[in-house]
Amino acid sequence: MSSWITITPRLEQGLEIVEKIDSGKFRIFVNKICQSFYSSTTGKIFNTEEEEKLQTSLKIDQDELNLLIDTVTLIYSQAAFNTVKPGVMESFMKSSFSISHDKITIFVNSWMTHAKNIIDNLKKKSIFPTQLEDVNWSLNVQASTSDDPNVSKPVALIQLGLRNADKKERVTVEFDKKSLTELYQGLEKIQQQLDAIK
């Protein structure tokens, strides 16, 4: 059976914390994390007040809570990236994770409920935080100068609309004919590589 997740010492420590937690509370915790994959806009699953309540409720400290969040998030992220079927997840967890059948059932049932939304949402996310939103351009001709009265120089201005989380900004870049040709050739190479993948 191919492994969809690597068992590291940190993951094993996280699973030890999973095993200590009451199953009813763990089910609610896992469902909240699964929902955050496709509903959180800030990227943070729990706010400070919720984390304090969780520490009290689950009887763990801040470091253990962070490790628990990381562990559950890692398991579902890896399951999503590898598009793991619930049956494969269950059999792998039974053979490789040192946690009870109850906890495995919670992981698998939450995966069956939330897998499609998690996978769809991760497909939409980019690994790059800044995204290109729009492009505007204009062509200007620089008039001749007293030093060189016979030369007019065309200049292209390209304005890029960029979005990074909630922040938008505009960047304007100036190109002469040579640098614009180089940019175009670079974009052509990228397009050819994208076409070759299809």
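FYI, it's all coordinate maths here, none of it is from the lab. It should be emphasised that the depicted structure is a prediction, and the values quoted were computed from it without experimental measurement. In this analysis, Cβ positions are derived from the backbone assuming ideal geometry, glycine residues included, and neighbour counts consider all displayed protein chains.
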Query raised in the report: In deg cm²/dmol, rounded to 500, what helix-only [θ] at 222 nm does the chain give when every DSSP H run of at least 4 residues adds -39500 (n - 2.57) and the total is split over its residues?
Result: -19500 deg cm²/dmol
Report task. Run a plain Debye calculation on the chain (Cα atoms as equal point scatterers, no solvent) and give log10 I(q)/I(0) at q = 0.17, 0.18 Å⁻¹, rounded to two decimals, same order as the q list. Result -> -1.14, -1.22
Report summary line: Computed for segment 9-124: size of charge dipole around the Cα centre, +1 on C-beta of each Lys and Arg, -1 on C-beta of each Asp and Glu, debye to nearest 20, value 560
Requested in this report: Treating the angle as unsigned and between 0 and 90°, give the value, to the nearest 10°, between the Cα long axis of helix 9-20 and the longest Cα principal axis of the chain.
Outcome: 50
Requested in this report: Enter the angle in degrees (range 0 to 90, nearest 10) between the Cα long axis of helix 101-124 and the first principal axis of the Cα atoms of the chain, meaning the one along which they spread out most.
Outcome: 10
Report summary line: Taking Cα atoms, the helix 177-197 axis meets the longest principal axis of the chain at an angle in degrees (rounded to 10) of 40
**Report entry** Relative contact order of the chain, pairs being alpha-carbon contacts under 8 Å that are 6 or more residues apart, as %
**Finding:** 18
Query raised in the report: Using a Förster distance of 30 Å, how high is the FRET efficiency between GLU51 and SER96, based on the Cβ-Cβ distance and rounded to 0.05?
Result: 0.55
